[in-house]
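A quick write-up on the structure given underneath.
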Amino acid sequence: MRVDEERDYVQYVQGRVLTLRRTAFRLCGDWHQAHDLVQAALILLYRHWRKACAAGALDAYVRKIVVNVYLEDQRRWWSRKVRPRAAMPDVGDVPVESSAVEALDLRWALDQLSPGQRAVVVLRYWDGLDVARTAAALGVSPGTVKSQTAQAIARLRQLLPNYVSEKLEA
Amino acid sequence: MTDLFAALDRAPEPPLPPGFIEQTLRLARRGRLRRRITAAMMAILLGALGFLLPGQLATGGLAPAGSVILPDRVAGYNILTASAEESPPGAALLLFASGNWEQFTTVQDLVLATDGFTYRHVKSLRGDYFGRGGLLSPDGKAVLIAEDMRPTAAFLHVDLVTGRVREIPLPIPTGVILHAWSPDGRFVAYAQAPWSGMERSNAMELEVRAKGKLTILDLTSGQSRVIPQVAVASAAAFAPGSDRLAVQVGAETTVIDLDGGNPRKLDVPAPYGIVPGVAWSPDGHFIALIPWHTNGTNAWQPKNGWWSRHDDYKVVLFDTGSGTAVPKPLAMQDILGWRSPESLVSFDFESSTLSEVPIDGGTPTLLTTFEARHNCEYGTQVCLIESVQAATGLLGSFAVQPARTPARGPLPLWLELIGAAAAIGLGGLGVWLLRFVRRAPS
């Protein structure tokens, strides 16, 4: 990589790293793992920098790398192991806001989805992508995105039966 | 749904680990360098594999130019042996069939070059369903090929020095047995008889031995000439000067000039006849005789090859008129030719060995042993050795030396492709495993 290319790369990374990390966190649900995913994605981006720049939509290209790294990581055997996490704080009898409870429930429910379903849900409803851009990020057809979305929502309904149905409507 | 997920964003995001971007950049640079080094190593490895695979081994220098080497062990069938047509070995000392006919007929017609370690298989000899017969030239530089079980439309002349295969057409397709190659290399004597059958048996051979007309092929012109003075040519052998022929005419033995003139019947003891192809001694004093038989057919057949392995098998020398004292009958097996006026080279079927047998009845000297490895019929059978021929003009000059690693020529294209694919696959697997191990959390 030429010096000017590396300078552009560093500038791009500095400007996008937090956004990419956020997407990675939404996909994996763990900040430490999100750092690893983003770093792996950025190393791949470094390798394919010229190709990525030539592709035009650089953000979409990089998002696709992040998603692919996440999905590839989920296929590895150690991804199925229990990940060490910090102990939950002992909240005692302190009343907890219902929104916080919902957040914990939703995070737990997301963890129960398959990696593909989770990626679809995160990209569409958390990152706010439309079907076409979600399909591009995942490298699948829009029809697949729609069917995966429907399956994921059905699964969330099963997992979160106490939620009002309108909250889970697309 | 979007609102539901928006609620998850209320928690504050942790800061990036210190030096995150710098570390990422460092890892990216290192990965790029590592990939380049890996690619270079793979290229070196593949290159080394291509050079070091069997047939490409460095052999430690060539034999001195002009020398003829017979290794003390002759290698046999190997699927990796290249063909003489595609990778010519140069002049050959031996031509032999190595393989097994048990079920799959994995057989190669191999030539051993005069350097003593280069082996090639003669692809043109193998033919298809119907076998072919070949004759190695006296100087070992060519093989002439005819059909064994069906009419021959054209001889195939395989040049072992250039790999070129030349067709020498016959006027009409006919049944053919190749008898002998003249010592000067110019003529080939063969018998021909009308034949149109195609059956996998020795029916054609019997027909030609019983009725075949002696014919002389002039290799300089490609023209064949029938010798009408000889009624039947069951076998023939050239005199050392290439000007006369000993011909087996059924049960009788005759000597004629090459143009068919001056026929002279020899008074050989029954049931003996000439050794096909190589009967005449280099000094012209003797014609070697072996038993012949009809074996219940109409054709007289020499008891050479497989027949020679019987214990009571004897070779008789017939004095051509030189007045030299005739040695006693010799106990030996299949005769490949004369090493000198005083000794013959014999192939023993039972032990797959070549020996030098003095005609004075002295003790035979073991020259070489053919390897009988258990790699034929896809590893289920021992490789057998058959149809051994020697370049008769080189028998007097070879030296026996310890066998070196056989050089079998370039690998077949299909194997090179498979090997390359396997090497790439293994390399990829190795890289994948490396990444797998490295990424595994401790």
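For chain B, the antiparallel share of DSSP beta bridges with both residues in that region comes to about 90%.
Loop exposure criterion: chymotrypsin sites (Phe, Trp or Tyr not before Pro), DSSP state outside H, G, I, E and B, at most 12 other Cβ atoms within 10 Å. Applied to chain B, the longest stretch between such sites is B:130-377.
Residue-wise HN-Hα couplings along the range A:124-133, as the Karplus relation 6.51 cos²θ - 1.76 cosθ + 1.60 with θ = phi - 60° gives them from phi, are 7, 9, 9, 8, x, 7, 7, 4, 5, 6 Hz; Gly and Pro carry x.
What residue among B:Gly131, B:Gly296, B:Gly212 has the largest mean-square fluctuation in a Gaussian network model of chain B, using Cα springs under 10 Å? Ranking B:Gly131, B:Gly296, B:Gly212 by mean-square fluctuation puts B:Gly296 first. Using only side-chain charges placed at the Cβ, +1 for Lys and Arg and -1 for Asp and Glu, the dipole size of chain B relative to its Cα centre rounds to 2000 debye.
Taking the longest Cα principal axis of chain B as reference, the axis of helix B:413-439 is set at about 20 degrees. For the range A:1-84, the orientation-averaged shadow of the C-alpha convex hull comes to 5.6 nm² (one quarter of the hull surface).
For chain B, the direction-averaged projected area of the alpha-carbon convex hull comes to 34.0 nm². When you filter the trypsin sites (Lys or Arg not before Pro) in the range A:1-83 for DSSP loop state and at most 10 other Cβ atoms inside 10 Å of their Cβ, you are left with A:Arg2, A:Lys81.
For the range B:224-336, the carbon plus sulfur part of the accessible surface works out to 51%, probe radius 1.4 Å.
Pairs from the table (B:Lys141/B:Lys265; B:Lys141/B:Lys314; B:Lys211/B:Lys303; B:Lys141/B:Lys211) lying more than 29 angstrom apart at Cα are B:Lys141/B:Lys265; B:Lys141/B:Lys314; B:Lys141/B:Lys211. Working from the pairwise distances between different alpha carbons, so that the mean of 1/r is found and then inverted, what is the range B:353-442's Kirkwood radius in Å? About 18.9 Å, per the Kirkwood formula over Cα pairs. Compared with the dominant Cα axis of chain B, that is its longest principal axis, helix B:20-52 is turned about 0°. Restricting the GluC sites (Glu not before Pro) of the range B:139-248 to loop positions (DSSP other than H, G, I, E, B) with no more than 13 neighbouring Cβ atoms within 10 Å leaves B:Glu199. All C-alpha pair distances within the protein assembly as shown, sorted into 20 Å bins from zero, spread as 16, 32, 13, 17, 16, 4, 0 percent across the bins. Sorted largest first, the spans of the alpha carbon positions of the range B:87-177 along the three principal axes are 39, 33, 20 Å. Counting every Cα pair in the range B:282-397, what percent are over 25 Å apart? Summing the P(r) of the range B:282-397 above 25 Å gives 29 percent of all pairs. Peptide A:104-115 shows a mean partner chain C-beta count of 1 within 10 Å per residue C-beta. Specify the residue with the greatest mean-square fluctuation among B:Gln192, B:Gln248, B:Gln103, computed from a Gaussian network of chain B linking alpha-carbon atoms under 10 Å apart. Per the Cα network of chain B with a 10 Å cutoff, B:Gln103 tops the list.
Taking the square roots of 5 times each eigenvalue of the Cα gyration tensor of the range B:232-306, largest first, gives ellipsoid semi-axes of 20, 13, 10 Å.
Can you tell which of B:Thr162, B:Thr405, B:Thr220 shows the greatest fluctuation in a Gaussian network model of chain B with Cα springs below 10 Å? Of B:Thr162, B:Thr405, B:Thr220, the Gaussian network model singles out B:Thr220 as fluctuating most. Annotation: amide H of B:Leu384 within the under-5 Å range of B:Gly99, B:Asn100, sequence separation 5 or more or interchain, hydrogens built in the peptide plane.
The values are calculated or read from the model by the stated rules, or taken from the named source; none is laboratory data. Model, not experiment: these values are computed from the prediction. Note that we place each Cβ from the backbone using ideal geometry, even for glycine, and neighbour counts take in every protein chain shown. Note: accessible area is taken over every heavy atom of the protein model, side chains too, but ligands, DNA and RNA are not part of it. Shrake-Rupley method; radii C 1.70, N 1.55, O 1.52, S 1.80 Å.
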